[in-house]
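The values are calculated or read from the model by the stated rules, or taken from the named source; none is laboratory data. For clarity, every value in this text was computed on a predicted model and none was experimentally measured. We place every Cβ from the backbone using ideal geometry, glycine too, and count neighbours over all the protein chains shown. Remember, those area values only see protein heavy atoms, side chains included, never the ligands or the DNA or RNA. Shrake-Rupley method; radii C 1.70, N 1.55, O 1.52, S 1.80 Å.
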Amino acid sequence: MDRTGLYGLFDLGGASVDARAAAVLGLLVDADTASGLGTPVDLADPGAAQMDRSGAHLTLFLGRLDEAEPVAARLGLPGGTGDLEIARAALLRFGPDARNMLFGEWMIAHWDGRALVLASSIALRDPLFYAVRGSRIAIGPDLRQLSQIDWVGDRFDPSGLLAAMGYGWVRAAIGLPTPIAGVCALHPGAYVSIDRTGTRMAPPPVIDAVTGWRGDLESAMAEAEALMLRIVRQRMVGGAYSCLLSGGLDSSTLAWLTANNLRPDEQLHFLTSAASGPGQVDEVREAAIVAGHLGVSHVPVCAAMDAGPYRPGADHFRTSNGPSLSFRHYLYDRLIATSRTVGAPLLFDGLFGELTFTNSRPLYGERVGIRQALRRMRNAWRDPGMRGPDALFHVNLARHWLDRLPPDIAEASRRRPGPERLPSRRDLWGVSGAFAKAHRATAQLDLGRVRHVLPFRDPRLIALFAAFPAKMLYPEPGARTPARQLLSGKLPDSIRLRGKGPGIAPDYAERLRSEAGAARVRIPLFRQAGADEWIDLAALDRGLARNGAGVSTFGEATRTQLTALAGEFFVWWRGLS
């Protein structure tokens, strides 16, 4: 098993598990297997994978619980009880309510010989898919692997495949389907129960604002700092860590938090994306200021010259479990490899700091919000890709699909949100509404050999910031007051007060231009793989020609890139690459 995740086979009728399916998943059938077989695997943090078998009962657990002692005490469990035992007891006692009680990133599968329960923390840790065929159930983290079980199969589901290439709200509207027919994904905060009567899912959990908070900005940031120090420390397992650092506010805040949590026997390295050629603008100088101030090793990282935006590495589609929507995968591949080189299986990332500390959305009053809405609507009208069915997808779909969308996607399009929506007074005003998207990101890189640590999406932080008055946090547009208040006296003002940087990938635009010709050469291979059934190869050819000439708008260029990546997915799926 070369990927982190939960693997399992179960039979609701009590029959022995299928030995051929077990071989596909890498599971060993023995005399104790009975009707349930499985194992957890964690390649970055082996201690996070726990299993317990008692007779016909089997529990698989992956992850680590934070601050579980109050839950254990409520359950009557002794001090020092392990995470698996606490999570299982909470699941059996409280059912779906356990998801709001158990902090941390985790997932669990519990089999009692007659039914299977699958549950996940509010923030998704690892991918998990399940397929039910009659009385048989298969679970695993790798969609391609599951599809190779003969009774699961690899037939594409049109809704699931098209939604995988769609915007986030389309994927959310479609729900559980994956690109493979009859295979479902476990969503963040999910609670799924499967028995002989069918499959039942509990409603998603709700994050409520912390109640009873009173104070000013200084006390708010003192409380946020204490919470973030605790969250980051709880994520630091194993003693060797790397942290992405651009010198921007989000990454610098996280850099300070990790450095100030570091113990004498632990190691930390800051990794910064660096320019690979003349004329490119990076943030190495700003990152070096932060690293020097904190006394932490700093490693500039250049993307490999043979890597590119149109054609990803060999394991990319296994990692993404379908068509990819990653613009800068080639750079992340190099950052992940560097993290492994310095001996750090945990890679901290300041992604999603904009949900809270550097959030700008809630500060918009009605007048500013309306102006922004009108501007976005005008831009949407000017961009052909943002009108009609095209506006549902990140790629250029084949025309026959745009003319006749699957019914569930067509229904979603009728209910689609407008280009801009003003926050209602019932929204979490201290928090960006994008936190739902943040929770859908899996914390797994390089097939789970590196753990992607995203502390800013922690539900405890979301709940705390939701209690803070928005006008206090965001007194004026662009102020990014919370992060600047927290970092006052901790980092130089040249970092604390700087504006938005140039972006993580200095050479991205140049690569889109210079490598477009090589991508055009592969279009016949895309056609051989059957990609023209799903994407518009003529539009791709035109888009790559424009990218190569350097005349595409940013939206056109990225749409073309993701269409090319979709073509590469079909080549990979058919084994032609």
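Couple of notes before you dig in:
- Region 220-248: number of residues that are open to solvent by 10 Å² or more (accessible area, probe 1.4 Å) and assigned to a helix (DSSP H, G or I): 10
- Residue that is surrounded by the fewest Cβ atoms within 10 Å (Cβ to Cβ), among those in region 20-47 that are farther than 17 Å from Leu118 by Cβ and among the small types (Gly, Ala, Ser): Ala31
- Within region 483-499, the residues that satisfy the criterion of being of a type outside the set (A, V, I, L, M, F, W, C) and either assigned to a helix (DSSP H, G or I) or farther than 13 Å from Leu254 by Cα (or both) are Arg484, Gln485, Ser488, Gly489, Pro492, Asp493, Ser494, Arg496, Arg498, Gly499.
- Boolean, Ala275 is within 24 Å of the chain's Cα centre (by Cα) and open to solvent by 10 Å² or more (accessible area, probe 1.4 Å): no
- Being of a type in the set (A, V, I, L, M, F, W, C), assigned to a helix (DSSP H, G or I) and out of contact with any helix residue (DSSP H, G or I) (no Cβ under 8 Å at 6 or more places or on another chain) is a property that Ala538 has.
- Among the residues of region 188-199, just one is surrounded by 13 or more Cβ atoms within 10 Å (Cβ to Cβ) and out of contact with any Lys or Arg (no Cβ under 9 Å at 6 or more places or on another chain), namely Thr199.
- In region 314-359, the residues that are touching a helix residue (DSSP H, G or I) at 6+ places or on another chain (Cβ under 7 Å) and without any contact (Cβ under 8 Å) to a residue 12 or more places away in the chain: none
- Residues within region 303-313 that are open to solvent by 50 Å² or more (accessible area, probe 1.4 Å) and in contact (Cβ under 8 Å) with a residue 24 or more places away in the chain, tallied: 2
- Given (1) open to solvent by 40 Å² or more (accessible area, probe 1.4 Å); (2) in a helix (DSSP H, G or I); (3) over 23 Å from Glu105 (Cα atoms); (4) out of contact with any His (no Cβ under 9 Å at 6 or more places or on another chain), index of the condition Val281 fails: (2)
- Among the conditions (1) open to solvent by less than 40 Å² (accessible area, probe 1.4 Å); (2) at pLDDT 95 or above, Gly295 misses just one, which is (1).
- Sole exception among (1) at pLDDT below 95; (2) surrounded by 15 or more Cβ atoms within 10 Å (Cβ to Cβ); (3) closer than 20 Å to Thr442 by Cα; (4) of a type outside the set (Lys, Arg) for Leu217, by number: (3)
Table: residues versus (1) in contact with a strand residue (DSSP E or B) (Cβ under 8 Å, 6 or more places away or on another chain); (2) at pLDDT 95 or above; (3) among the aliphatic types (A, V, I, L, M).
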{"site": "Arg125", "(1), (2), (3)": "yes, yes, no"}
{"site": "Ala138", "(1), (2), (3)": "yes, yes, yes"}
{"site": "Asp150", "(1), (2), (3)": "no, yes, no"}
{"site": "Gly153", "(1), (2), (3)": "yes, yes, no"}
{"site": "Val183", "(1), (2), (3)": "yes, yes, yes"}
{"site": "Met201", "(1), (2), (3)": "yes, yes, yes"}
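- Meets criteria (under 30 Å from Gly295 (Cβ atoms), modelled with pLDDT under 85 and surrounded by fewer than 17 Cβ atoms within 10 Å (Cβ to Cβ)) for Ala434: no
- Residue count, region 449-477 (criterion: over 30 Å from Thr341 (Cβ atoms) and open to solvent by 50 Å² or more (accessible area, probe 1.4 Å)): 5
- Residue count for region 22-58, restricted to those that are part of a loop (DSSP other than H, G, I, E, B), on the phi < 0 side of the Ramachandran plot, without any contact (Cβ under 8 Å) to a residue 60 or more places away in the chain and not polar (S, T, N, Q): 7.
- Any hit, region 540-547, residues being within 16 Å of Phe570 (Cα to Cα), modelled with pLDDT of 95 or more and either open to solvent by 30 Å² or more (accessible area, probe 1.4 Å) or not aromatic (Phe, Trp, Tyr) (or both): yes
- When Asp52, Asp83, Asp142 are checked against the criterion of being at pLDDT 95 or above, within 26 Å of Leu227 (Cβ to Cβ) and not aliphatic (A, V, I, L, M), Asp83 stands alone in meeting it.
- Selected residue (only one of Arg574, Arg522 is loosely packed, with under 15 Cβ neighbours inside 10 Å, over 26 Å from Ser273 (Cα atoms) and touching a residue at least 40 places away in the same chain (Cβ under 8 Å)): Arg574
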